[in-house]
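Below: one structure, written as structure tokens.
The values are calculated or read from the model by the stated rules, or taken from the named source; none is laboratory data. Just so it is clear, the structure is predicted and the values come from calculations on it, not from any experiment. Methodologically, a virtual Cβ is constructed for each residue, glycine included, from the backbone with ideal geometry; neighbour enumeration extends over all protein chains shown. In case anyone asks, the SASA skips ligands and DNA or RNA and just uses the protein heavy atoms, side chains included. Shrake-Rupley method; radii C 1.70, N 1.55, O 1.52, S 1.80 Å.
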Amino acid sequence: MPALDFQNADCRLTLAEGLAEYYRSRDGLVDGRGVSDAARKFFACHDAAHVVFGCSTALADEAAVKIWSFFGTTAGLSLLADYNSPESKEIYEAIRWRDVPPVALRSLVVVPRVIARCLRMRKRWPWADYESYLEKPLDEIRREFGIRVVA
């Protein structure tokens with residue numbers, strides 16, 4: 001069973017409630033999320049994707065949400081530049097090298113599964129236009145878009 005409610009496929013929390021739970025799950029997610037307006041906007045969209053796709057802030061889930069973002073959102077591969085921003089690089093620099101091999105091994109299973117689920121979606125998640133969904137329950141959003149979370 002997932003650690004956070006929004007990670008459950010049939011979660012009835014709204015996107016706004018899921019985001020609140022996501023932000024409570026780890027210190028520093030809201031404060032200090034980028035110094036530039038572009039970085040703040042990117043991280044807001046990225047955080048909404050975490051919730052909609054049911055991904056925590058664990059390193060393996062970060063890898064999964066990146067794949068979901070590329071192949072399951074309207075932004076697609078244009079996000080490469082944002083993932084290479086100075087603010088994103090600061091996050092990457094905090095990753096301990098000893099944590100990388102187990103995540104890389106797990107990704108060999110998770111990444112193809114996420115790509116397959118992206119290909120089965122009814123429509124892509126609106127990366128920059130998610131705010132109109134804030135009051136909609138996550139299970140309804142996931143049904144509308146054909147999103148199946150990866151537990």
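Structure notes:
- In the assembled protein chains, residue 147 presents an accessible area of approximately 10 Å² (probe radius 1.4 Å).
- Candidates 97, 125, 68, ranked by Gaussian network fluctuation over the chain, Cα under 10 Å, top entry: 97
- Taking the protein heavy atoms of the chain in the context of the full set of protein chains, the accessible area attributed to carbon and sulfur is 57 percent at 1.4 Å.
- With all protein chains modelled, accessible area of residue 133 [1.4 Å, Å²]: 40
- Largest accessible area first, the listed residues 21, 93, 62 line up as 93, 62, 21 when surface is computed with a 1.4 Å probe on the assembled protein chains.
- Taking N as its residue count, the alpha carbon Rg of the stretch 109-151 over 2.2 N^0.38 Å: 1.22
- When nucleic acids and ligands are ignored and a 1.4 Å probe is applied, residue 114 ends up with an accessible area of around 0 Å².
- Options 51, 146, 69, ranked by Cα towards positive dipole end of the chain, top entry (Cβ charges): 146
- Largest to smallest accessible area among 129, 61, 99, 27 [probe 1.4 Å]: 27, 129, 99, 61
- Global geometry of the stretch 78-151, whether rounded, prolate or oblate, following the gyration tensor of its Cα atoms and the 1.5 cut on a/c: oblate
- Accessible area in square angstrom per residue, the chain, 1.4 angstrom probe: 55
- Relative intensity, log₁₀ I(q)/I(0), of the chain from a Debye sum that treats every alpha carbon as a point, q = 0.12, 0.17, 0.20, 0.21 Å⁻¹: -0.46, -0.99, -1.43, -1.58
- With every protein chain in place and a 1.4 angstrom probe, the accessible-area ranking of 132, 107, largest first, reads 132, 107.
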